[in-house]
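Here's the structure, in structure tokens; my notes come after.
Throughout, read-outs are computed from the coordinates displayed, never taken from laboratory work. Since the structure is predicted, the reported quantities are computational estimates derived from the model, not experimental observations. Every residue, glycine among them, receives a Cβ derived from its backbone with ideal geometry; neighbour counts consider all protein chains shown.
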Amino acid sequence: MEKISRRGLLKGAVIAGVAGATGAWWLNAGQTPKEALDNMFNDALTDLPAASISAALIKNGQMVWGKGFGYQNLDSGVPATLDSIWPSLGSVSKLITWTALMQLVENGKVDLHGDVSGYLGFPLRNPDYPETPITPYHLLTHSSSLSTRRMTSAPDSMADFFCSAEGGTLKDWVDTNIAPDGLKTDLKKVFDPYRPGDFPQLTADPLGVISGYSNLNAMVAAYLIEQVSQMSFEFYTRRFIFEPISATDMAWTTSTLDQQRLITPYEAKRSPRPPVMAVYTNTMREKGYLSSVEVQMNRDEAYYAFTQCEYDSPFNAAGLLGSSTVSLVSFLCAFLPSNHAAQPLLKVETMQQLWQMQRLDPLTGSAIGLGWFRFPWGRNEVFWGHDGGGPGILSRVMIDPYSGDGLVLLLNNFFIDFRKRAALLDQLVKMLKKF
């Protein structure tokens, strides 16, 4: 397989602009923006490091640039492209879940501020605050008091969250683990000790996301969608989200996607991660999800493949959406008024609700609307989107609904140098002005 070369002296000026999160964008003499992006991302494969990268720029509601870098699979040497399919987008998947929920709100089938118990078919109450209802609004704003990571972020549970193929339906999991009479329901694990909707008291997230952040919010929302629509979550989202925007490469189970285009997820041997995160890597390896065999990308880089990571469990609504970059761009463009290629998924007034800031976390500085996170940029720009992470994926999508601009950045390795990732995002925003 062809090896990726280390950066040459002529690329030094380009990557120097990426080395600092606020570095200027420098073009070599005679270099076009597309050539500069090629150089930057080919270098980023080594600098982050990542086995593959996919990036796209959206301008005025249309993709003006996009490209895959690195490999779908290191053993085969098949190059990554925009049509390569990522088996998981991490928590970017939640944007699909929130869209489906807001469709039901928009259609009058769900009350944004109503008690979810009436939709679920069983009472969902924090035992410390039994008189306080949990609402769809609480799910969307991560203020429901559903466990902040407790049930899904311990090393064992996080590994299984992404990689197990434990079978069963979402209903089976909810009935067993969350419903009051569930065989495995432990309310001390299901809930955190604060009143739903009490923003100042939300539990701090141990992984540094906005306080109160919980994968259970998306799972309960998906189950609510099933109960109200009388369709499986998978069928509902395919019919009312994927099909209207012609996103043929989106699905919740990897077995239904084109196997020839699936990206193999990897972790780099020299991943720059804090020691506490090594616990997750060791658990992945102990459970057999992460291979112990090194795969060489070049003479300087070795990777371990998530060869037995199935990305197929009842947790899919929280983080297991598989997609090509092309289909993901189609989804984002469906929220842009300037886009004319995709059918709108929500009414304009509903979309405007998504991007009204509901709360600001004083601890992390994160701000959230209805499921979408706010990313201020520079002095005047504001993007809305989501981050995602997991075995072999670190993702970011964001759009400016008013200018019609946006971007996608997908990295095949969760434990990368986050400063360089921030710099890449910064440079991509600056490059939007070059197109």
J(HN,Hα) series, the stretch 104-109, from Karplus relation 6.51 cos²θ - 1.76 cosθ + 1.60, nearest Hz, glycine and proline x: 5, 5, 4, 7, x, 8
Dipole of the stretch 253-394 [Lys/Arg +1, Asp/Glu -1 at C-beta], most positive-end residue of LEU346, LEU360, LEU394: LEU360
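Assuming 0.890 mPa s and 25 °C, estimate D for the chain with Stokes-Einstein, Rh taken as the Kirkwood radius over Cα pairs, in µm²/s.
Details: Rh = 22.0 Å.
It diffuses with D of about 111 µm²/s by this estimate.
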Euclidean distance between Cα centres, the stretch 277-311 to the stretch 357-435, Å: 27
Highest-fluctuation residue, ALA154, ALA317, ALA334 considered, GNM on the chain with Cα pairs under 10 Å: ALA154
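Using helices alone, I'd like the mean residue ellipticity at 222 nm for the chain: each DSSP H run of four-plus residues gives -39500 (n - 2.57), total over residue count, nearest 500.
Numbers: 15 runs with 133 residues, N = 435.
That comes out to -8500 deg cm²/dmol.
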Nearest-ten-degree value, helix 215-229 long axis tilted from longest Cα axis of the chain: 60
Mean projected area (nm²) of the alpha-carbon convex hull when the stretch 154-214 is viewed from all directions: 5.2
More than 20 Å apart - percent of Cα-Cα pairs taken over the stretch 41-130: 61
Cut-off 19 Å (backbone N to label point 7 Å along Cα→Cβ of HIS113), residues of the stretch 195-215: 195-200
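Using the per-residue mean of other Cβ atoms lying within 10 Å as a proxy for protection, in what order, highest first, do the peptides 195-203, 90-98, 159-167, 396-404 fall?
Working: 195-203: 16.7, 90-98: 25.1, 159-167: 18.9, 396-404: 21.0.
Averaged packing, sorted descending, gives the order 90-98, 396-404, 159-167, 195-203.
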Integer Hz, Karplus 6.51/-1.76/1.60 couplings in order for the stretch 234-246, x for Gly and Pro: 4, 5, 4, 5, 5, 6, 9, 10, 5, 5, x, 9, 6
Descending Cα extents along the principal axes, the stretch 296-347, whole Å: 49, 32, 12
Per-peptide average of other Cβ atoms within 10 Å, ordering 57-70, 363-376 highest first: 57-70, 363-376
